[in-house]
1. In the stretch 42-77, what count of residues is obtained for those that are at pLDDT below 80, part of a loop (DSSP other than H, G, I, E, B) and surrounded by 10 or more Cβ atoms within 10 Å (Cβ to Cβ)?
2. What are the pairs with Cβ atoms under 7 angstrom where one residue, in the stretch 257-278, is touching a residue at least 40 places away in the same chain (Cβ under 8 Å) and over 28 Å from Asn301 (Cα atoms) and the other, located anywhere, is assigned to a loop (DSSP other than H, G, I, E, B) and among the aliphatic types (A, V, I, L, M)? Sequence gap at least six, or different chains.
3. Please find, among Asn265, Asn285, the residue that is at positive phi and at pLDDT 90 or above.
4. State whether the residues of the stretch 97-115 include one that is surrounded by 18 or more Cβ atoms within 10 Å (Cβ to Cβ), farther than 26 Å from Ile438 by Cβ and among the aromatic types (Phe, Trp, Tyr).
5. Could you tell me which residue of the stretch 328-360 is surrounded by the most Cβ atoms within 10 Å (Cβ to Cβ), considering only residues that are closer than 17 Å to Leu377 by Cα and out of contact with any Lys or Arg (no Cβ under 9 Å at 6 or more places or on another chain)?
6. Of the conditions (1) modelled with pLDDT of 65 or more; (2) surrounded by 10 or more Cβ atoms within 10 Å (Cβ to Cβ); (3) of a type in the set (Val, Ile, Thr), Ile81 fails just one. Which one is it?
7. Out of the residues in the stretch 262-290 meeting the condition of being hydroxyl-bearing (Ser, Thr, Tyr) and surrounded by 15 or more Cβ atoms within 10 Å (Cβ to Cβ), tell me which one is farthest from Tyr357 (Cα to Cα).
8. Anything in the stretch 182-207 that is part of a loop (DSSP other than H, G, I, E, B) and either in contact with a strand residue (DSSP E or B) (Cβ under 6 Å, 6 or more places away or on another chain) or at pLDDT 85 or above (or both)? List them, or say none.
Amino acid sequence: MHFLSPIGLLALAGLIVPLIIHLWNVKQGKTLKIGSIALLGESSKASAKSFKINDWLLFLLRCLLLGILAFSLAKPYLKKIIPTEKETGWILIDSATFKEVFKSNKNTIDSLLNKGYEIHDFNVGFKALTLKDTAEHQSEKFDNIDYSDLLHAANQFIPAGASVYLFADRRLTRFGDELPILHYQLNWIPLNQTDTLSSWIAGYAWKKYEAKSNPSNTTYQDLHSGDEVPLKIAIHQASGTPDGKYVIAALKAIGSFTNRKIVINPPAEKADIGFWLSGDAVAANFKSSITTNGTLFQYENGKIIEEPSFIKLDGRHIKLSKRMASPGSAEKIWTDSFGNAILTEEKTKNSHTFHFYSRFNPQWNGLVWDGLFVKALMPMVISTENTAQFGFENNAADQRRLSARRTVDFQPGDIQSTSENTQNVLLQPLFWAVALLIFVTERILSFRKKTADVKH
């Protein structure tokens, strides 16, 4: 037996009332008839009291009545298991490919339908489908929707613990960054793919690569086109500061890693990137030495704020001792532990500027001594349209598949179904009926007892 409002059981404390009433007995005095007043003598007054239950039947009935009322207030119920003849679950198929999927998996789908499974569109809304939909026109196919988002959204539609058969490919391009946790049992039936090899030419960091993709992996091979121009970088630093040498060391590491030739401070050519490592305003001739649509990295000047903090960078915390006050409206790239901007980005029609509100100096922060320094500078040096996705490509021709072993990652463990075929049977009406019967019985016995006491 279960209770919808267990707090109602507190009413059981009322059992103390009949206990006190029945234990507290005060006997009435008896009248003695005599024939002469001479027999009357002066005596002290007394009353007889005792703590003894004389009428056990009435006492038990009243206690039982209060107990049943308390249980009724707690709203008792029983879980009744309803036997079912068919196993229920979902079949998920993209309606755009429903006809082809049904044709190639007809026996499996028919078997599931005979067990009571329902067919739903593996798309937003999870619309119910029927076999008639295989003969109708195909609906629009949404390739931009992640499987991760759809599988997670299905938690709101599919009963917890239900069995689900999904007919879909397992291409990694259809998944998000994280696999979702599901509240249902997922059985993934991969589709038969005829064309599982592809290739394309990718451009990255001013170089050309040939990409070859198969269900296992995607590889990139440098084409060695020979038409790559050196990357020219201009650096200006304040006198007496070591900031420039840290930047030059990082640039050499980037050149070695990318096999790109980097020329620092070209004597007679305009630079692609300029590093202004000084608190002074950027000189006009330095700006003009940078090509149109080039990149400028400049130190910002202002009020120095000295407080212990850290730079939040690539999931790491780099020690930060000093920084400059920064505006709150700029587009933040790096921030400190308080959310203040450390590096901001500004894009105009003909320029691309990074504003740095600290210094490449160990007295200001620990960035230059950290291996993350080179990785942090690379998106600025090897610039891309989307710095946040630097070094990653999402190509529609990518054939990589999610491994079948990764299916278990969708499940948090042993899922217990919370949607069993059960029904809650309320017992409150039965308790009220029993309480009424006991109340009537108690009143009858109590009335008879009073009548008997009067006669005596």
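The values are calculated or read from the model by the stated rules, or taken from the named source; none is laboratory data. Keep in mind the model is a prediction, meaning the values are calculated, not measured. Note that each Cβ is placed from the backbone with ideal geometry, even for glycine, and that neighbours are counted across all protein chains shown.
1. 3
2. Final answer for the pair search is Thr258/Ala205; Thr258/Ile382; Arg260/Ala205.
3. Working: Asn285 fails: at positive phi.
Residue meeting the stated conditions: Asn265.
4. Yes, there is a match, as at least one residue in the stretch 97-115 is surrounded by 18 or more Cβ atoms within 10 Å (Cβ to Cβ), farther than 26 Å from Ile438 by Cβ and among the aromatic types (Phe, Trp, Tyr).
5. Phe360
6. For Ile81, the failing item is (2).
7. Taking the stretch 262-290 and keeping what is hydroxyl-bearing (Ser, Thr, Tyr), we get 278, 288-289.
Cutting the leftovers down to surrounded by 15 or more Cβ atoms within 10 Å (Cβ to Cβ) gives us 278, 289.
Numbers: Ser278: 11, Ser289: 23 Å.
Here the residue is Ser289.
8. The initial filter retains those residues of the stretch 182-207 that are part of a loop (DSSP other than H, G, I, E, B), namely 182-184, 190-197, 205-206.
Listed by number, the residues that qualify are Leu182, His183, Tyr184.
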